[in-house]
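Quick notes on the structure that follows.
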Amino acid sequence: MLEIKGLIKTFFPHTINEVKALRDIDLTIQEGSFTAIIGTNGSGKSTLLNAIAGTFIPDSGSILLAGQPITFWPEFQRAKLIGRVFQNPFAGTAAEMTIAENIVMAMRRGLSHPLSKAVTSKARAEIKERVSVLKMGLEDRLDNPIGTLSGGQRQALTLLMATWLKPKILLLDEHTAALDPKSAAKVAELTKYIVDKEKLTAMMVTHSMQQAVDLPDRIVMMHKGKIVADYQKEHKQRVRIPDLLATFDRVQKKELFDESVATLLREQYV
Amino acid sequence: MELVTEKKGAIFIVRAKGRLDASWTDFFTEAFLEFIRQGEHDLLIDAEGISFLSSAGIRSLVRIHKDLTKLKGRFRIVNANEFVVNTLQMTGFGVWIEKKAEADLVAIHVADAGGDLPADCFLIEKNAEMKLSIVNHWAPWEKADGEKLKTIDYQSVTFSVGVGCPQGSDSENQTMVGDFMVVAGNILFQSPEEESRPDFLQPLENFVPKFRVLQAVEAKGNISHLIRFKPNAETQNFSVSALIEKCHNLLQSDNILFVILAESDGMVGAQLIQSPTFISDSMSVEGIGLREWLSFTGERAFVGDQVLAVGVASLKPNQPLEPLLRQTSKDEAWFSHIHAAVFPYQPIQNGLLDLQTQLSRFLNGPPPKALMHLINDQRPEAGLGQTRFSRGAVWCSAIKMEETL
Amino acid sequence: MNLVIGAFTIGLILSLLSLGMLISFRMIRFTDITVDGSLTLGAAITAVLIAAGWSPLLATMVAFVAGMLAGSVTGLLYTRFKIQEILSGILVMTALYSVNLRIMGRSNVPLLDTATVSLPLQHLLSQMTDGERYILLFGWQVPVVDMAAFLSSLLLCAVFAWMLSRFLQTHFGTVLRATGNNVQMVRAQGINNNMMVVFSLALSNGLVALSGALLAQYQGFADVQMGIGMMVWGLASIIIGEALVGKSGIGIAIAGTIFGTILFRLLIAIALRWGLNPNDLKLVTALFVFLALVAPRWFKFVHVKINKKSKHA
Ligand SMILES: Nc1ncnc2c1ncn2[C@@H]1O[C@H](COP(=O)(O)OP(=O)(O)OP(=O)(O)O)[C@@H](O)[C@H]1O
Ligand SMILES: [Mg+2]
């Protein structure tokens, strides 16, 4: 479904601020799989998702999504294939516009936006029906500006909007991180429900080990722009939070292992 | 709930004030487990201020009592008001209640020091000593093919440190050589893969564990002494070399075998993550390339966990022992080779301890988290120093050097 | 009464300017300075074309298209060449000054006794009143010419307001509004936000130029200076409208803008009547906008201060 090969992205190249955000990423995501991406701050998780979504063009490497070479497609063109939910609950919706207007846009994600009435009664009925799945009572508030909703409600709506038209891949970037624990749990549960029901292919960046273990069927761990661990299938089933923490720990230990440690251990280890 | 503590000899008195009910039991239990962890195993609760005791409160008392019993400690309640006394008696825990007068009369309990030994030292077997041998020799980072491995049977009198692998039927298993340690015939080993957890082989009934070793220092014999240590006004924690020094003072021997069972205050060590049998002719392990072979704790790790360590220490090691020992700390004269296994914390009782009992307790409890070769990190500035312990026990024995060694 | 009718007529004509600016300033949140130039552009083109004998209606339509072109240039400077939005506007506005002079050939084109878009209505009114030159309205004598101008502005304004409100509720219009609200979201919905900006600026400046075209016909001349300060005018009108009726909902925002423009025009007419020096008009307008922008914040500040004080007390 998604095939990433040799992806490299360096921000501010050849300056003191140079950041090698992605160093040669190879990743293949199977159709219908749900992958969690975990890793330390600044490890390049968001950058990877942004590369897929087309926020920037990579320095080298290729991205193939649903058989289409999208490496150089502009962001808006890829939206046809991609549904996104951001960490910031304010990022995914237009605050001053109503719930209905926001959803109407999502109903035509990647399609043309004709000069016909947007919020028709037919659209309204459909919106009502699908919004009621959230069980948040939002179906009765379709004409309220989205800005009047709580972060959790907005994030749930954004998720619904991102999946309204089945995307080839759903990209979730810490989409529960800015929510209070209860809303976060609710949105996580909703994510699992929608991904399962619509049989979506999804990638989710998260800092919650619990989520990484509970929701998806694959865990990819990143560090310093590289994939350092990849738990799939039966390996994923065996993985528990302590294993993930241990892997984090190992990766970091390896980093602390510098020349001075090498010299020390050469003398001391017998 | 308010807890005020006071120490009278070996007795640790806790004056509790308030309601011991569901909303306070977590706090209460945690406070008491911490007292126990700090080595207070003779607890006396002054319950004068406890105005109410619910079933949740009783559950908490039961939990504390259970932990103390395991450690051969004492748990008593004095001065309880009528309500608390009745509640305890009706629920069948009346035995905990003690009359105040009696409690006051409890003689100050002095550890049974046994002869002219210093406090906290115990004689286990007079004149017991160990015989040392180098079972197999490998110096890092020589090429090491599988043929060099020697198969050893381990009996309960054997203590050892080295690198080797368990004897399995598959050939893959045979070459996975990693760090291992043997404590009284129990083998603890770590497969040299980053993701594997330490494992162990325990001698049971007629099962004598076999192990294939590439390199091992081995001591056979019995333990002669036990030393208990805990933090006091001057010392917060004890370095490995300080513990060796304690053994030396007791044993008056320049060559010592020791087993430490103690709460870690920071481990510094390294561990094989790739079997040395994979070293090939064409490659040499050089410079930073070492990190493909060894992992290093990188910080003072596993603080608060319970560590089982075994080691050989010598003041003046000579051939062929010398190449297998390293300076224990920068300023002291000791040379040693120590391996340690890290277990999740479990309290250990005060006073005299039996090594076998403790071993089977830890090996049958939650599995070990890590196994490592202890390193004295003496890098300038970045150096982490040596491994330190806060409280625990050291069993030791003098090593008798044989001429033929 | 003539004064009132005049103020109303100019207010209605300038409503188109305000509506255009409603799109750029409020819908896509683009501080567009092109306005000053495109208003004159509309006026200049109409004046020259009418003077050359074109039909007023056709001339007005050409002005509208020219305004759209000017807006697109600003949009392209901003989106394609990544020039800051204010600077893009300034560049086009400055360039338009010369363009306008070129079009007119001099700094002022009078339109004396030429036809205007309100001519058909004027004929109609004349027929209805049997050739009378005045119409009696609430006991006032209003010249038929003025009445026709007023009615045709009203008609045009109503038509455009209605079309605009319908347009903003279409799929396309919804997306346009969202572009100003949350660009990231709009892009995630597969919309080329840059294209939306260019289109919005084109539409906005088209309306502004249209307003200029009508203004020139009503005033009877086009002047290369007539656009100066018009952006602040429009902004003042929008702010008054928002203060009057709020901004919840598209219809309300549009109606508010029209009311605001008319009211502002009336206020100015009254102020001038009371002896305000016309030369000070722009200063007063600027001051007014300044106050309207800072007053809400200032009130909040004072409010907080008072609250704090009362808490301490
Ligand atoms: N647009 C950008 N311009 C410059 N540097 C960037 C940009 N985006 C990311 N980076 C840098 O690239 C590195 C990777 O960032 P990224 O946001 O992908 O990390 P992350 O794994 O998502 O971290 P977090 O868990 O904090 O979200 C960081 O050092 C970051 O500063
Ligand atoms: Mg991120």
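The values are calculated or read from the model by the stated rules, or taken from the named source; none is laboratory data. All figures in this text were calculated on a predicted structure; none of them were measured in a lab. Cβ sites come from the backbone with ideal geometry, for glycine too, and all protein chains shown count toward neighbours. Heavy atoms of the whole protein, side chains included, go into the accessibility calculation; ligands, DNA and RNA do not. Shrake-Rupley method; radii C 1.70, N 1.55, O 1.52, S 1.80 Å.
Do we have any residue at all in the stretch A:18-34 that's closer than 30 Å to A:GLN237 by Cα, hydroxyl-bearing (Ser, Thr, Tyr) and out of contact with any helix residue (DSSP H, G or I) (no Cβ under 9 Å at 6 or more places or on another chain)? If you could, list the steps in order and put the result at the bottom.
Filtering the stretch A:18-34 for residues closer than 30 Å to A:GLN237 by Cα gives A:21-34.
Still in the list and also hydroxyl-bearing (Ser, Thr, Tyr): A:28, A:33.
Those left that are additionally out of contact with any helix residue (DSSP H, G or I) (no Cβ under 9 Å at 6 or more places or on another chain): A:28, A:33.
Yes, some residue in the stretch A:18-34 is closer than 30 Å to A:GLN237 by Cα, hydroxyl-bearing (Ser, Thr, Tyr) and out of contact with any helix residue (DSSP H, G or I) (no Cβ under 9 Å at 6 or more places or on another chain).
Counting only residues that are open to solvent by less than 10 Å² (accessible area, probe 1.4 Å) and under 17 Å from B:ALA128 (Cα atoms), the stretch B:222-264 holds 8 of them.
Per the conditions (1) under 17 Å from B:ASN255 (Cβ atoms); (2) more than 11 Å from chain A (Cβ to nearest Cβ); (3) among the polar types (S, T, N, Q), the sole criterion not satisfied by B:THR328 is (2).
Residues that are more than 14 Å from chain C (Cβ to nearest Cβ) and open to solvent by 10 Å² or more (accessible area, probe 1.4 Å): which strands (runs of 3 or more DSSP E) entirely in the stretch A:23-105 hold 3 or more of them?
On the way: elements: A:34-39, A:60-65, A:82-85.
By residue number, A:60-65.
Condition first: over 17 Å from A:ILE82 (Cβ atoms) and β-branched (Val, Ile, Thr). Now tell me which residues in the stretch C:156-194 satisfy that. Hits for the stretch C:156-194 are C:VAL159, C:THR170, C:THR174, C:VAL175, C:THR179. The single condition among (1) open to solvent by less than 80 Å² (accessible area, probe 1.4 Å); (2) assigned to a helix (DSSP H, G or I) that B:VAL95 does not meet is (1).
Of all residues in the stretch A:75-88, those that are closer than 15 Å to A:ALA178 by Cβ have Cβ atoms under 6 Å from Cβ atoms of residues that are open to solvent by 10 Å² or more (accessible area, probe 1.4 Å) and of a type in the set (Asp, Glu), 6 or more apart or on another chain, in A:PHE86/A:ASP173; A:GLN87/A:ASP173; A:GLN87/A:GLU174.
Looking at the stretch A:167-174, can you tell me whether even one residue there is away from ligand 1 (no atom under 16 Å from the Cβ) and either out of contact with any strand residue (DSSP E or B) (no Cβ under 9 Å at 6 or more places or on another chain) or open to solvent by 30 Å² or more (accessible area, probe 1.4 Å) (or both)?
Taking the stretch A:167-174 as the starting set, the residues that turn out to be away from ligand 1 (no atom under 16 Å from the Cβ) are A:167-170.
Among the residues that remain, those that are also either out of contact with any strand residue (DSSP E or B) (no Cβ under 9 Å at 6 or more places or on another chain) or open to solvent by 30 Å² or more (accessible area, probe 1.4 Å) (or both) are: A:168.
So far as the stretch A:167-174 goes, yes, one or more of its residues are away from ligand 1 (no atom under 16 Å from the Cβ) and either out of contact with any strand residue (DSSP E or B) (no Cβ under 9 Å at 6 or more places or on another chain) or open to solvent by 30 Å² or more (accessible area, probe 1.4 Å) (or both).
Does the stretch A:82-98 contain at least one residue that is touching a strand residue (DSSP E or B) at 6+ places or on another chain (Cβ under 8 Å), among the small types (Gly, Ala, Ser), within 16 Å of ligand 2 (Cβ to nearest atom) and closer than 26 Å to A:ASP243 by Cα?
In the first step, residues of the stretch A:82-98 are kept if they are touching a strand residue (DSSP E or B) at 6+ places or on another chain (Cβ under 8 Å); the result is A:82-87, A:92, A:95-98.
Checking which are among the small types (Gly, Ala, Ser) leaves us with A:83, A:92, A:95.
Among the residues that remain, those that are also within 16 Å of ligand 2 (Cβ to nearest atom) are: A:92.
This time we only want the ones that are closer than 26 Å to A:ASP243 by Cα, so: none.
Taking every residue of the stretch A:82-98 in turn, none turns out to be touching a strand residue (DSSP E or B) at 6+ places or on another chain (Cβ under 8 Å), among the small types (Gly, Ala, Ser), within 16 Å of ligand 2 (Cβ to nearest atom) and closer than 26 Å to A:ASP243 by Cα.
Scanning the stretch A:1-40 for residues that are more than 12 Å from ligand 1 (Cβ to nearest atom) and more than 27 Å from A:SER208 (Cβ to Cβ) returns A:GLU3, A:LYS5, A:GLY6, A:ILE8, A:HIS14, A:ILE16, A:ASP24.
Using the structure shown, decide if A:ASN17 is open to solvent by 10 Å² or more (accessible area, probe 1.4 Å) and within 16 Å of ligand 2 (Cβ to nearest atom). Explain how you work it out, then say what you get.
Values: open to solvent by 10 Å² or more (accessible area, probe 1.4 Å): yes; within 16 Å of ligand 2 (Cβ to nearest atom): no.
No; evaluated as a whole, the condition is false for this residue.
Evaluate the stretch C:8-29: report whether one residue or more is of a type outside the set (Phe, Trp, Tyr), without any contact (Cβ under 8 Å) to a residue 40 or more places away in the chain and open to solvent by less than 60 Å² (accessible area, probe 1.4 Å). Outline the logic, then answer.
Residues of the stretch C:8-29 of a type outside the set (Phe, Trp, Tyr): C:9-24, C:26-29.
So of that shortlist, the ones also without any contact (Cβ under 8 Å) to a residue 40 or more places away in the chain come out as none.
No; the residues of the stretch C:8-29 include none that is of a type outside the set (Phe, Trp, Tyr), without any contact (Cβ under 8 Å) to a residue 40 or more places away in the chain and open to solvent by less than 60 Å² (accessible area, probe 1.4 Å).
When C:ALA188 is tested against the conditions (1) among the aliphatic types (A, V, I, L, M); (2) open to solvent by less than 10 Å² (accessible area, probe 1.4 Å); (3) at the interface with chain A (Cβ under 9 Å from one of its Cβ atoms), the lone failure is (2).
Of the listed requirements (1) closer than 29 Å to B:ALA393 by Cβ; (2) touching a helix residue (DSSP H, G or I) at 6+ places or on another chain (Cβ under 6 Å), B:GLY73 misses just one: (2). Whenever a residue of the stretch A:255-266 is basic (Lys, Arg), its partners that are in a helix (DSSP H, G or I) and open to solvent by less than 40 Å² (accessible area, probe 1.4 Å), lying with C-beta atoms within less than 8 angstrom and at least six residues away or across chains, give the pairs A:ARG266/B:LEU290.
All told, C:GLN84 falls short of being within 14 Å of chain A (Cβ to nearest Cβ) and more than 16 Å from C:SER200 (Cβ to Cβ).
Could you pull out the residue among B:SER51, B:SER60 that is closer than 25 Å to B:GLN349 by Cβ and either open to solvent by 20 Å² or more (accessible area, probe 1.4 Å) or not aliphatic (A, V, I, L, M) (or both)? Walk me through it before giving the result.
Values: B:SER51 fails: closer than 25 Å to B:GLN349 by Cβ.
Residue meeting the stated conditions: B:SER60.
Of the candidates B:VAL342, B:VAL307, B:VAL312, the single residue that is within 25 Å of A:LYS253 (Cα to Cα), within 14 Å of another protein chain (Cβ to nearest Cβ) and either assigned to a helix (DSSP H, G or I) or hydrophobic (A, V, I, L, M, F, W, C) (or both) is B:VAL342.
Just need a number here: residues in the stretch B:261-302 that are within 27 Å of the chain's Cα centre (by Cα) and assigned to a loop (DSSP other than H, G, I, E, B). Matching residues across the stretch B:261-302 total 12. Applying the set (1) part of a helix (DSSP H, G or I); (2) at pLDDT below 95 to C:ILE33 leaves exactly one unmet item: (1). Scanning the stretch C:152-168 for residues that are within 14 Å of chain A (Cβ to nearest Cβ) and crowded, with 20+ Cβ neighbours inside 10 Å yields C:LEU164, C:LEU168. Scanning the stretch B:180-221 for residues that are open to solvent by less than 10 Å² (accessible area, probe 1.4 Å), small (Gly, Ala, Ser), more than 14 Å from chain A (Cβ to nearest Cβ) and not in a loop (DSSP other than H, G, I, E, B) gives a single hit, B:ALA219.
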